[in-house]
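The structure appears right after this line, and notes come after that.
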Amino acid sequence: DDENNVPNKAAASKAKMKKPAAAARKKRSQNLNATVVASNVDMRKLIQADEKNVLLTALLSKKASVESIAMDLIERHNKDANAAQCELINALFRSVGGLATCEIDPATHNLQNIDDDQWATLITNVVADMQSAVPNQVLVTASKKPSSKQAAAFLNSYKALWFQVADAALTSGANATSEAASNSDAPTAARLDVSLVRELLNRVIELVGVGQPDIRYAATLASFEMARAVLSRIVSLGDKLSVAERQMSAAKGARATSMKQQVEALKSVIAEMEELVTGPVYSVIFMHRYRDSNEFIRIMCLENLAASIVLRPGLFLSDKYLKYFGWMLSDTNAAVRCAALDGLTLPFETVEARGGSDAG
């Protein structure tokens, strides 16, 4: 087949071009690496010089654990809720490439009363910063992989921050640490501040539907991490409930009455926490974002639904949620289809690995 044969002259010419082309690619790569290193240095100087954003500085410096950073934020939230919530949202904005100039000033903005036009202005400012940001200023992005090792490490810290913030809110929020709630006679469940987690989720929900995909991704990721923290606490409370129910069955008289009250309190707070996850997170955020135009957000939704099923199969292992994996098996993107298949199999593989059924 003469048409498939490459002329010797053309082959020789191609071979001669190989080395210069490879050298050019290497040079461009070196230049890019130099730019990335420079942007890393500039970014750290920029953020560390800007002491307004305590959260971002603390996460990047790695001088404190994420758990202690989150606990410190909740303690400050108990004193000034708006300032702490602005700091959280500002950290999200800065994580996707926004600069100090786009941060929300708690002195002029109350997040509880902010209207759609004000949100639109704030987000427009963030997007303007993102368009002029160097690649490594974008630490959280809706893409296949982080832009640098620094971004990869920060992404883990970012996820851990929202998980720990929700967990700290439950255990150390203002309602959890009030004198009445801290009464030693009150059941453990009654001391959890579920309302604070709901309030923080509502702040993030404002951002999960914006047009810019990186902001959408960062807000959706934050929501799922907070939900995971709540589900983890539900699992722990479920264990306590099982023990309390056994003790109630064996108890008599005043002891039985006391145990019954504790069982009812545990059931009540578990139901409230389950509604927090199935309501704002899955009925609002998941329902819109699993069909997102960005494939990485769709993948994130499926992965987190699978993780939720594993954590709380009694709540999520049903046709109501499994159907989404089936629907997404026909997604146009291969990676999304793989995530859907993994989501279908993960819960059953987990149960099998545990050696039996899991009532969850």
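Within the stretch 238-258, can one find any residue that is surrounded by 21 or more Cβ atoms within 10 Å (Cβ to Cβ), modelled with pLDDT under 90 and either closer than 29 Å to ASP331 by Cα or among the hydrophobic types (A, V, I, L, M, F, W, C) (or both)? There is at least one residue in the stretch 238-258 that is surrounded by 21 or more Cβ atoms within 10 Å (Cβ to Cβ), modelled with pLDDT under 90 and either closer than 29 Å to ASP331 by Cα or among the hydrophobic types (A, V, I, L, M, F, W, C) (or both). Scanning the stretch 73-118 for residues that are crowded, with 21+ Cβ neighbours inside 10 Å, within 15 Å of LEU200 (Cβ to Cβ) and not hydrophobic (A, V, I, L, M, F, W, C) yields HIS77, GLN85, GLU87, ASN90.
The condition of being assigned to a helix (DSSP H, G or I), hydroxyl-bearing (Ser, Thr, Tyr) and under 30 Å from ALA128 (Cβ atoms) holds for THR220. As an exercise: evaluate ASP167 against (1) part of a helix (DSSP H, G or I); (2) modelled with pLDDT under 85 and give the number of the one condition it does not meet. So the condition that ASP167 fails would be (2).
Could you tell me whether LEU161 is open to solvent by less than 40 Å² (accessible area, probe 1.4 Å), within 27 Å of SER308 (Cβ to Cβ) and assigned to a helix (DSSP H, G or I)? Spelling it out, LEU161 is indeed open to solvent by less than 40 Å² (accessible area, probe 1.4 Å), within 27 Å of SER308 (Cβ to Cβ) and assigned to a helix (DSSP H, G or I). Determine whether ASN136 is part of a loop (DSSP other than H, G, I, E, B) and modelled with pLDDT under 90. Criteria not met by ASN136. Across the stretch 273-282, not a single residue is classified as of a type in the set (A, V, I, L, M) and open to solvent by 40 Å² or more (accessible area, probe 1.4 Å). Reported count of residues in the stretch 121-136, each being open to solvent by less than 40 Å² (accessible area, probe 1.4 Å) and under 27 Å from TYR290 (Cα atoms), is 5.
The values are calculated or read from the model by the stated rules, or taken from the named source; none is laboratory data. None of the values given here were measured: they were computed from a predicted structure. So basically every Cβ, Gly included, is an ideal-geometry build from the backbone, and we count neighbours across all protein chains shown. Remember, those area values only see protein heavy atoms, side chains included, never the ligands or the DNA or RNA. Shrake-Rupley method; radii C 1.70, N 1.55, O 1.52, S 1.80 Å.
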